[in-house]
């Protein structure tokens, strides 16, 4: 979740000002119905299960594909980067660039800055301030997606920051993990960004909810539009009870529902 708010800051505050200086989806979820459990019970279970999964996840690996398209003043730009990402509990992240193509500006001043910021954001003090709990957010029940078995909650941050967001989350009714996020930053990421929307989906991998696809859409003040997607493939997960890592192929992932949540862990 945090990587998307960082991403929006970089797209708005890095890509567009640099250009200016040089020149001068997913289908909508079904409508919610009446929820079978009250709000407080859902939130209590969500927080508790997130903590359990965070303690259980020892490490993870994945291939990420970053793709950004910018259209507008002073010119169109596009780039793609493939990265091997590793996470070691409790707060160590490492990234190795496998391939890159396209705009050097996006590669060096958006993608690579995003990776650096994500490493920094994994620090315990930062994670504490941004976790999905009652200390950081207020929750309201929107309803229940009976077709998918998911609660729909409205979330509102208790403090304004470009690193927290307001919007909706979908919580799996069986595992009490966030499966989808539709949100906007609580504070405009930068002067150059007029509006930003976040779509965040996860996939269930060996009992953990790990990112499967992220998308951000940003309208730029000078008239441009930026769309960035991150695809996650080939997960390997190691838990506190595992010996060797558990490999999950990209083809296997495609057969699973996109039900996901950071689950207190940070892949």
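Bear in mind that the values in this text are calculations on the coordinates, not laboratory data. Since the model is a prediction, treat every value here as computed from it, not as a measurement. Using ideal geometry, Cβ is built from the backbone for each residue, glycine included, and neighbour counts are taken over all protein chains shown.
Structure summary
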{"item": "Extension reserve of the residue 55-residue 240 stretch, reckoned as 0.36 nm per residue once the Cα distance is removed", "result": "65.8 nm"}
{"item": "Gain on full stretching of the segment that runs from residue 44 to residue 84 - 0.36 nm per residue minus C-alpha separation", "result": "11.0 nm"}
{"item": "Packing-based exposure ordering (other Cβ within 10 Å, fewest first) of 199, 68", "result": "199, 68"}
{"item": "Packing-based exposure ordering (other Cβ within 10 Å, fewest first) of 73, 139", "result": "73, 139"}
{"item": "Highest to lowest packing among 54-63, 170-179, scored as the average C-beta count within 10 Å", "result": "170-179, 54-63"}
